[in-house]
Amino acid sequence: MPRFFYALFCVTLLQANPMQTLKTWTKEFLNAQTKENTTLLPKASDDPAYKLEFAPYTLLYALGSVGPNSGVCLGVLFKGQLFKGFCAHGVNVVHLSKDRETLRLELLNRTPATPTTAPKETGYTLTFGLIKGTFYLTSLARLNQPPTYYSTAPTYAMGAINDALLDKLTTPPPPLAQAKVPQPTPSQSAAFAPKIQTANMGDYSLSTIYGPKEQCVEIKEYDRARGRFCLAGAGVVGFKTQGPYLELHLKPADAPAFILTFESVEGDLELKRYTQGSQVFYNQSKDDPHNTHPLPLSALTPKFLQGLKLR
């Protein structure tokens, strides 16, 4: 009987101390067998650096290391109850932040400098949105890279995240074999002399670039490249600006033109519409009426735009 009460006491204690529960999850996740080679953080359960208020929720995380192996487990505290989020290997630094209605996580593996090697930092950037009381993954990217996954649909709940999914969603597909595009003769090139455009829009400068293999619209901010939208082979590209709006027009030689419409919002360009002929692949006013998950220019890779077409 005393053992029963002791076990009941331990369970009650864990429920009363969410951070201790997270440490236990982290230790189990790393298969830590002994205390001697195991480090668990935070040392103090009430350390504010390991939590983020996202009313009425509180996000918590605990870090662990067993020898050279490290990892993290995250949980969400709601009405006094701790719900398990997910765990991931190879993480020794976590940054938590929030923006509007979006939760942002950076899961990092930071290697310090040595006398012979430079410091190194790798990892992931994840954002989550709250949909009907559940946190769902809305974007994922390798650290300091454009997103390779974006969705406003409730596809991956926080509890579904794991190492395999992170790797899968950030691994680009193998390149497709490209058909050879016939190159124009010198006389054809002379006959096709598209007009080169340049313009300024606030802090941005825009220009069209025509080459033998591709035609592009390039967007720079303070002389730093921010976006490049291209057509392979023959075609015509262009743009027009009106007030805070920018329209990019890209017309392949054998397909309808597609148009990307941006709006300048607080110094950044955000996608508002993506259309091709009569097809509308993205319309922010309908797909995201409250602009909860804005699509900045930096997110719009060819793979990402293809994902918008296929969703």
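Just so it is clear, none of the values below were taken in a lab; they were calculated from the coordinates. Computed from a predicted structure; not experimentally measured. Positions of Cβ are backbone-derived with ideal geometry, glycine not excepted, and every protein chain shown enters the neighbour counts.
Worth pointing out:
- A DSSP coil position with no more than 15 other Cβ atoms inside 10 Å describes none of the chymotrypsin sites (Phe, Trp or Tyr not before Pro) in segment 243-304.
- Helical runs assigned H by DSSP (4 residues or longer) give the chain a calculated mean residue ellipticity at 222 nm of -5000 deg cm²/dmol, each run adding -39500 (n - 2.57) before division by the residue total.
- Segment 44-92 and segment 224-288 have Cα centres separated by 40 Å.
- Protection-proxy order for peptides 144-157, 126-139, 41-54, each taking the mean of Cβ atoms within 10 Å per residue, highest first: 126-139, 144-157, 41-54
- Interchain or long-range residues, amide H under 5 Å from residue 197's placed H: 208
- Pairwise FRET efficiency - residue 144 versus residue 251, Cβ, R0 = 25 Å, nearest 0.05: 0.15
- Each of the peptides 115-122, 61-68 was scored by the mean count of other Cβ atoms within 10 Å over its residues; in descending order, highest first, they stand as 61-68, 115-122.
- For the chain, the dipole from Cβ point charges (+1 on Lys and Arg, -1 on Asp and Glu) about the Cα centre works out to 520 debye, to the nearest 20.
- Think of the chain as having a plus end and a minus end, set by charges on the Cβ of Lys, Arg, Asp and Glu; of 129, 55, 69, 69 sits farthest toward the positive end of this dipole.
- Ranked by how many other Cβ atoms sit within 10 Å of their own Cβ, fewest first, the residues 196, 219 fall in the order 196, 219.
- 3J(HN,Hα) along segment 280-286: 10, 8, 8, 9, 4, 5, 9 Hz, from the Karplus curve 6.51 cos²θ - 1.76 cosθ + 1.60 with θ = phi - 60°, whole Hz, x for Gly and Pro.
- Tensor-based shape of the chain (alpha-carbon gyration tensor, a/c under 1.5 rounded, otherwise prolate or oblate): prolate
- GluC sites (Glu not before Pro) within segment 199-306: DSSP coil, no more than 10 neighbouring Cβ in 10 Å: 266
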